Amino acid sequence: MGIDIDLDLSKYPTLLKFAESSAIFTAIRGPAGSAKTTNIIKIIILRGMAQSPGVDGVRRTKWAIARNTYAV
């Protein structure tokens, strides 16, 4: 079973820079509707799939996502 995740960030230079970061903690903000949440979820899935499995063949990863929505 192959998983194909389209992560073409050429339209989103800020998200591209975010995706390329290897920092332990990252944050991103931008206008509503700019695909932040969708692409961050894709990035998390891809990083999890790229992780080497443990001795039991399971890839373990932990993530925390915090969102703050405020009235404009």
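The values are calculated or read from the model by the stated rules, or taken from the named source; none is laboratory data. No experiment lies behind these values; they were computed from the predicted model shown. Cβ coordinates were reconstructed from backbone atoms using ideal geometry, including for glycine residues, and neighbour counts include every protein chain displayed. We work out accessible area using only protein heavy atoms, side chains counted, and drop any ligands, DNA or RNA first. Shrake-Rupley method; radii C 1.70, N 1.55, O 1.52, S 1.80 Å.
Would you check if there is a residue in the range 35-51 being open to solvent by less than 100 Å² (accessible area, probe 1.4 Å), assigned to a loop (DSSP other than H, G, I, E, B) and at pLDDT 85 or above?
yes
For residues in the range 24-54 being of a type in the set (D, E, K, R) and within 12 Å of the chain's Cα centre (by Cα), which is nearest to Tyr12 (Cα to Cα)?
Across the range 24-54, the extreme among qualifying residues is Lys36.
Only one of these conditions is not met by Leu16: (1) surrounded by 13 or more Cβ atoms within 10 Å (Cβ to Cβ); (2) part of a loop (DSSP other than H, G, I, E, B); (3) free of Cβ contacts under 8 Å to residues at least 24 places away in the same chain. Which number is it?
Every condition holds for Leu16 apart from (2).
Pairs please, first residue from the range 41-59 and closer than 15 Å to Ser21 by Cα and aliphatic (A, V, I, L, M), second anywhere and open to solvent by 70 Å² or more (accessible area, probe 1.4 Å) and at pLDDT 90 or above, Cβ atoms under 6 Å, 6+ apart in sequence or on different chains.
none
With respect to Lys11, is the statement that it is part of a helix (DSSP H, G or I) and modelled with pLDDT under 85 true?
no
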